[in-house]
Amino acid sequence: MKILRQKSKVKTIVIITVLVILLAGAAAATAFYFKLGPFAETQQDIQTKKENQTGSDIKKQSVDNSSKDSQTGSDPSPAPKPVPGTNKSSINAEITSANQDTSRLRIRILIQTVTSDGSCTLTMQGPDGKTYSATAGVQALPSTSTCKGFDIPLSQLSSGSWTIKLTFSNTNLTASATKAITIQ
């Protein structure tokens, strides 16, 4: 009979152990589900969720706006004007920056149409009749285009007043812009 009691004690210990493990697992699952104890959200977790949601909302709004604006553009440009005597139309262009650093002059241009077709020609006239010219391709942006940029080494320009003239042209469109700068 002693043997039966030992088996009974072992059986009881195994049952109690299994029940404790099950209860611990159920308690951990409950804490995880309800975000309690070690699974509780910190202020940083809450802030990160808010930031992620705000970012998602902005992306969704941007996509919604771009699909609404797809026919007119988010910043509608003036309608092209026919150029007399040609099959081209004139559009607006703007020299958005002409910034000088220690080694070069960087010129950037905005063209009021969406196209990757065509080219940009830059001509500059400076002091003592000096000139500079260069050509660059065109890059389409979401609602406008830009010339791929001009980075001119200052060693090719002399100090003084320069007039920048940009001309954009493709098979259907043309644009031009001018700006005066001083090279130091």
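No value in this document is a laboratory result; all are computed from the given coordinates. Since we're looking at a predicted model, the values are computed, not measured. Cβ placement follows ideal geometry from the backbone for every residue including glycine, while neighbour counts extend to all protein chains displayed.
Remarks
- For region 152-163, backbone phi angles converted through the Karplus equation (6.51, -1.76, 1.60; θ = phi - 60°) give residue-by-residue couplings of 9, x, 5, 5, 8, 10, 9, 5, x, 7, 10, 10 Hz, Gly and Pro being listed as x.
- 222 nm mean residue ellipticity, helices alone, for the chain (DSSP H n ≥ 4; -39,500 (n - 2.57); rounded to 500): -11500 deg cm²/dmol
- Value in Å of the Kirkwood radius, where the chain supplies the Cα pairs that are averaged: 22.9
- For the peptides 111-121, 28-38, 148-158, the ranking by packing is 111-121, 148-158, 28-38, with the highest mean count of neighbouring Cβ atoms within 10 Å listed first.
- Of Lys88/Lys148; Lys60/Lys148; Lys60/Lys81; Lys88/Lys165; Lys130/Lys165; Lys81/Lys165, those spanning more than 25 Å from alpha-carbon to alpha-carbon: Lys60/Lys148; Lys60/Lys81
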